[in-house]
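Report on the following structure.
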Amino acid sequence: MTADFTFKCLIIGPSAVGKTSLIRRFVEDQFSTSYKFTIGVDFLAKTVKFEKDKIAKLSIWDVGGQERFKILRRSFYEGAHGALLVFDLSRANTFPKMKEWLIDMRSILEEKIPIIILGNKSDLLPEVGEVINRDKPKKFAENEESIYIETSAKTGDNVENAFIELTRRMLKQNS
């Protein structure tokens, strides 16, 4: 399967929101309950068929969410075609922090790239209840000319949809 397009995708957001788990679910269809911080950046790739006859190779850059790696982000962001911005639906404080990541990314990149806002860990909502008004991320995404998708790396809910939607938006911008 030869790719028609190759895109560099970022997955960014605060620490422990499930960025690595989302990538592992998408690329390997696996979920692990053991958690390790991403040190700096990690890379995974997947070739996806996103339309009947279109294939794209995604180089997915998992950028560590810890503040101490902030100085390294500039080199990670360069050359990106799109980004998934992730916050944790079970921890309200991660939504405003995710917005800070977007501001930081835009201050580094010269051109505006497509983004998708992800509220991850939707599987925890029955357990913890709604800790954030879900209209806020929807409105925020609209203001950013984007969309908001709720995902669960644990169940796989909407994970592939999020990556495919980002792929479509990157294709549209780069064609």
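The values are calculated or read from the model by the stated rules, or taken from the named source; none is laboratory data. The structure presented is a predicted model; accordingly, all values stated were derived computationally and were not measured. Heads up, the Cβs are rebuilt from the backbone with ideal geometry, glycines too, and the neighbour counts pull from every protein chain shown.
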query: What residue, of Val86, Val17, is assigned to a loop (DSSP other than H, G, I, E, B), at pLDDT 90 or above and among the hydrophobic types (A, V, I, L, M, F, W, C)?
result: Val17
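Rundown of residues vs (1) touching a Gly at 6+ places or on another chain (Cβ under 7 Å); (2) of a type outside the set (A, V, I, L, M, F, W, C); (3) closer than 20 Å to Arg168 by Cα, yes/no style:
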position: Gly79; (1), (2), (3): no, yes, yes
position: Ser90; (1), (2), (3): no, yes, no
position: Pro96; (1), (2), (3): no, yes, no
position: Glu110; (1), (2), (3): no, yes, no
position: Leu118; (1), (2), (3): no, no, yes
position: Lys121; (1), (2), (3): yes, yes, no
message: Given the criteria among the β-branched types (Val, Ile, Thr) and crowded, with 19+ Cβ neighbours inside 10 Å, does Thr167 qualify?
response: yes
- request: Give the stretch 81-94 a look and list any residue that's over 12 Å from Gly18 (Cβ atoms) and buried (at least 22 other Cβ atoms within 10 Å of the Cβ), or say none.
  value: His81, Gly82, Ala83, Leu85
Failed item, numbered, when Lys138 is tested on (1) part of a loop (DSSP other than H, G, I, E, B); (2) more than 13 Å from the chain's Cα centre (by Cα); (3) not aliphatic (A, V, I, L, M): (1)
query: How many residues does the stretch 127-150 contain that are touching a helix residue (DSSP H, G or I) at 6+ places or on another chain (Cβ under 9 Å) and either of a type in the set (A, V, I, L, M, F, W, C) or more than 26 Å from Asp4 (Cβ to Cβ) (or both)?
result: 10
- prompt: Since Lys97 meets every condition but one in (1) within 21 Å of Ser21 (Cβ to Cβ); (2) in a loop (DSSP other than H, G, I, E, B); (3) among the charged types (D, E, K, R), which condition does it not meet?
  reply: (2)
